[in-house]
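Asker: Sharing a structure, written as structure tokens. Questions coming.
The values are calculated or read from the model by the stated rules, or taken from the named source; none is laboratory data. A quick note: this is a predicted structure, and the numbers were derived from the prediction, not measured. Here the Cβ positions follow ideal geometry from the backbone for every residue, glycine too, while neighbour counts run over all protein chains shown. Surface areas here come from the heavy atoms of the whole protein model, side chains and all, with no ligands, DNA or RNA. Shrake-Rupley method; radii C 1.70, N 1.55, O 1.52, S 1.80 Å.
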Amino acid sequence: MSGILDRFAVTDQVAIVTGAGRGLGAATAVALAQAGADVLISARTERQLDRVAERVRETGRRCLVVPADLSDLDAVAGLAQAAYDEFGRLDTVVNNVGGTFPTEFLKTSNEFLNEAFSFNVTTAHALSVAAVPLMLKGLDEDDHRQSQKSIVTISSMMGRTADRGFVAYGTAKAALAHWTKMAAQDLAPRIRVNGIYVGSILTSALEYVAGQPELMSQLETKTPLGRVGEPEDIAAGVLYLASRAGQYVTGKLLEIDGGIQQPTLDLGFPDVGA
């Protein structure tokens, strides 16, 4: 008789994780491998990917490393076929790649806004459109009742709140969150689509803040749980959404953010015209 922990296993499944060279993507790839999946990982820097691949292989699972510029939509879409060709199936796509630097409103050009949208939203769409036909291969009529095929997007708390300097990033992450809900409707019942609103997580993106005690104190004080998160906090959420544990969840976004309801870091952008 299987127990509740068995629902978190993804034994012999295959996952793609973008932006997997470090941070959230790396932690997610390792977590999925620990839970039994073979993984394709992709990012720009091959050296970083190789280190993550070593950690994946230490779990006994296989890992395919595909260095790529994931702002190239053809390259990101090509990951789906690469995973299928290598492993013979495709079960989970984790659309993790994304991000945009904060910028003052009047310095946010049309081009910058378009690039933010493309890198955070269109990349997820391109990979998912390429992946879905491959995920559906081999499914019989009853397979959708278990809903084991899954797409997970990584949004941000800035996609559900507002603060100065984030008009490009926040708008793109809000769009990604809504894309998640819309795609869930289009792909039900055979493929579940969910996402995560990520809070302040101690990755390379927070290296500067981590080195400034006053800024770290500001982050921690404004977070109800009193600390910044760890990459594994997000990886655990992805595993829940990708596994049978989350088989009755689609079109939803988990808020894994320490309980915050408003931005936690004042970047000091001045009033317009000041």
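Asker: Just to be sure, is ALA168 closer than 22 Å to VAL30 by Cβ, in contact with a Leu (Cβ under 8 Å, 6 or more places away or on another chain) and in contact (Cβ under 8 Å) with a residue 12 or more places away in the chain?
Answerer: Here the answer is no, as ALA168 does not meet what is asked.
Asker: Quick check on this structure: which one of ALA53, ALA31 is under 15 Å from the mean Cα position of the chain (by Cα) and of a type outside the set (Val, Ile, Thr)?
Answerer: Matching residue, one of ALA53, ALA31: ALA31.
Asker: Can LYS137 be described as open to solvent by 70 Å² or more (accessible area, probe 1.4 Å), touching a residue at least 60 places away in the same chain (Cβ under 8 Å) and farther than 19 Å from ASP266 by Cα?
Answerer: Criteria not met by LYS137.
Asker: Residue pairs, Cβ under 7 Å, 6 or more apart or interchain, first in the range 178-190 and more than 25 Å from GLY138 (Cβ to Cβ), second assigned to a helix (DSSP H, G or I) and of a type in the set (A, V, I, L, M, F, W, C). List them.
Answerer: Here the result reads TRP179/VAL121; TRP179/ALA124, each pair linking the range 178-190 to a residue that is assigned to a helix (DSSP H, G or I) and of a type in the set (A, V, I, L, M, F, W, C).
Asker: Between GLY170, GLY165, GLY159, which is in contact with a strand residue (DSSP E or B) (Cβ under 9 Å, 6 or more places away or on another chain), open to solvent by less than 70 Å² (accessible area, probe 1.4 Å) and more than 28 Å from TYR248 (Cβ to Cβ)? Working first, answer last.
Answerer: Details: GLY165 fails: in contact with a strand residue (DSSP E or B) (Cβ under 9 Å, 6 or more places away or on another chain); GLY159 fails: more than 28 Å from TYR248 (Cβ to Cβ).
Residue meeting the stated conditions: GLY170.
Asker: Only helices (runs of 4 or more DSSP H) wholly contained in the range 183-274 count here; list those with 2 or more residues that are open to solvent by 40 Å² or more (accessible area, probe 1.4 Å) and within 22 Å of ALA35 (Cα to Cα).
Answerer: Qualifying helices (runs of 4 or more DSSP H): 231-242.
Asker: Within the range 9-64, can you find the residues that are under 18 Å from ARG244 (Cβ atoms), buried (at least 22 other Cβ atoms within 10 Å of the Cβ) and of a type in the set (Ser, Thr, Tyr)?
Answerer: THR28
Asker: Sticking with this structure for a sec: Has the range 141-154 got any residue that is modelled with pLDDT of 95 or more, surrounded by fewer than 17 Cβ atoms within 10 Å (Cβ to Cβ) and of a type in the set (A, V, I, L, M, F, W, C)?
Answerer: No: zero hits.
Asker: Any residue in the range 1-16 that is at positive phi sitting within a Cβ distance under 7 Å of a residue that is part of a loop (DSSP other than H, G, I, E, B)? List the pairs, counting only those 6 or more apart or interchain.
Answerer: From residues that are at positive phi, the pairs are ASP12/GLY36.
Asker: Oh, and also: Quickly run through the range 1-32 and pick out the residues that are outside any helix (DSSP H, G or I) and farther than 16 Å from ALA68 by Cβ.
Answerer: MET1, SER2, GLY3, ALA9, VAL10, THR11, ASP12, GLN13, VAL14, ALA15
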